[in-house]
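The values are calculated or read from the model by the stated rules, or taken from the named source; none is laboratory data. Every value quoted in this text rests on a predicted model; they were computed, and no experiment measured them. Quick reminder, even Gly has a Cβ in these numbers, built from the backbone with ideal geometry, and neighbours come from all protein chains shown. The area values use the complete protein model at the heavy-atom level, side chains included, leaving out ligands, DNA and RNA. Shrake-Rupley method; radii C 1.70, N 1.55, O 1.52, S 1.80 Å.
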Amino acid sequence: MGSATEPHAAAEPAAAIRPFSTAAAAGALPSEREFATLTERFRPELLAHCYRMLGSVHDAEDLVQETYLRAWRGIGGFEGRSSVRHWLYKIATMACLTALDGRARRPLPSGLGAPEDDHRVAVAAREESVPWLQPAPDAWFGLDDPATIVADRTGVRLAFIAALQLLPARQRAVLTLRDVLAFRTTEVAAMLDTTPTAVDSALRRARSRLAQAGPVEADLGEPDELIQRQLLDSYVDAFTRADHAALLDLLRADVEMEMPPIPTWFTGREAVHGFLSARILRPGQWLFLPTRANGQPAAVLYQRMGDHYQAYGIQVLTLIGTRIARITSFNDPSLVAAFGFASRHVR
């Protein structure tokens, strides 16, 4: 993946930084309001950074909160030798590395086993013990504005986040800091308390590992915003009406579908459409509320339970041209609240 500037990476005017660093050096701590003024504008990009590192919206929120707590407690030691932004990234990255120590990576089903091309196979039971990769709402990162350029979204694509999980934690940190956030090698070395030579070596290994994993630039054939919305609307309509023919027309021949925490996943239009038609599509059974996740069209999914709809999870669509290339259905009701939606919907 090529270098890209982080969306909404706020510049720090020298006039704003100088009083902060001078006061800290003199032992005079800023007020909570002054601290917030100087640090809060970096929260969206720090959330994105921690999410890339951890692959979990819940863990990313916790680690960003911890980053701000550590920053507030350690503000007296900030000497102004780096910018506030660099200082916060150092704290956040080290907190993530500590959190990742000894943890298993967060995969998708496609990262654990081969796909099925026959929808009649027995579907495996939900595997709750696996720490599955989670989607993240665009609103977190300021990407929910349709005017946001595609280049700003590549660093949070599902395919890229999933590929990052293949890397050891330190390589993951180096690659995101260098190739996504475009920090200089010397800056990354300072953040990680290592040498520029070690950073360059880790970056080469990380890039090589990602290249072996295959293409992760999911936006290469992505349609414009209008077509994305039309495709999402058509998909939601076909799904909720259980219109088998309309759904089939929306799928690419090589479409794939995965449904964490279910390890079984499918490849090919016949298998995906057959699975949905035979086991999932029922008129009035499902309610979709459009949203965006990982820079991609998505929907909050509810399942009918008597006189109301109960939160079921988040579906994220990967589009190529004017067809759906991948359906990733995160069947985890706890994600619905993370996207700002209620757990229960009545209509």
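Among the numbered conditions (1) out of contact with any Pro (no Cβ under 7 Å at 6 or more places or on another chain); (2) farther than 18 Å from GLY55 by Cβ; (3) at pLDDT below 95, the only one that GLY142 does not meet is (1). Residues in the stretch 269-290 that are over 27 Å from SER129 (Cα atoms) and either open to solvent by less than 30 Å² (accessible area, probe 1.4 Å) or assigned to a helix (DSSP H, G or I) (or both): ARG269, GLU270, HIS273, GLY274, SER277, ALA278, LEU281, LEU287, PHE288. So for the stretch 240-250 (the condition being touching a His at 6+ places or on another chain (Cβ under 8 Å), part of a strand (DSSP E or B) and surrounded by 15 or more Cβ atoms within 10 Å (Cβ to Cβ)), does at least one residue qualify? Among the residues of the stretch 240-250, not one is touching a His at 6+ places or on another chain (Cβ under 8 Å), part of a strand (DSSP E or B) and surrounded by 15 or more Cβ atoms within 10 Å (Cβ to Cβ), which makes the answer no.
The rows are residues; the columns are (1) small (Gly, Ala, Ser); (2) surrounded by 19 or more Cβ atoms within 10 Å (Cβ to Cβ).
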{"residue": "ARG184", "(1), (2)": "no, no"}
{"residue": "THR195", "(1), (2)": "no, no"}
{"residue": "LEU203", "(1), (2)": "no, no"}
{"residue": "ALA206", "(1), (2)": "yes, yes"}
{"residue": "GLU222", "(1), (2)": "no, yes"}
{"residue": "GLU225", "(1), (2)": "no, no"}
{"residue": "THR264", "(1), (2)": "no, no"}
{"residue": "THR267", "(1), (2)": "no, no"}
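When the stretch 35-55 is filtered for residues that are surrounded by fewer than 22 Cβ atoms within 10 Å (Cβ to Cβ) and farther than 13 Å from LEU88 by Cβ, only THR37 remains.
Considering (1) closer than 29 Å to PHE339 by Cβ; (2) assigned to a loop (DSSP other than H, G, I, E, B); (3) β-branched (Val, Ile, Thr), the lone condition that THR194 does not fulfil carries the number (1). What are the pairs, 6+ residues apart or on separate chains, where a residue within the stretch 204-231 that is farther than 16 Å from THR176 by Cβ and at pLDDT below 90 has its Cβ under 7 Å from a residue that is part of a loop (DSSP other than H, G, I, E, B) and not polar (S, T, N, Q)? Qualifying pairs under 7 Å: ALA218/ARG157; ASP219/ARG153; ASP219/ARG157; GLY221/GLY321; PRO223/GLY321; GLU225/PRO146.
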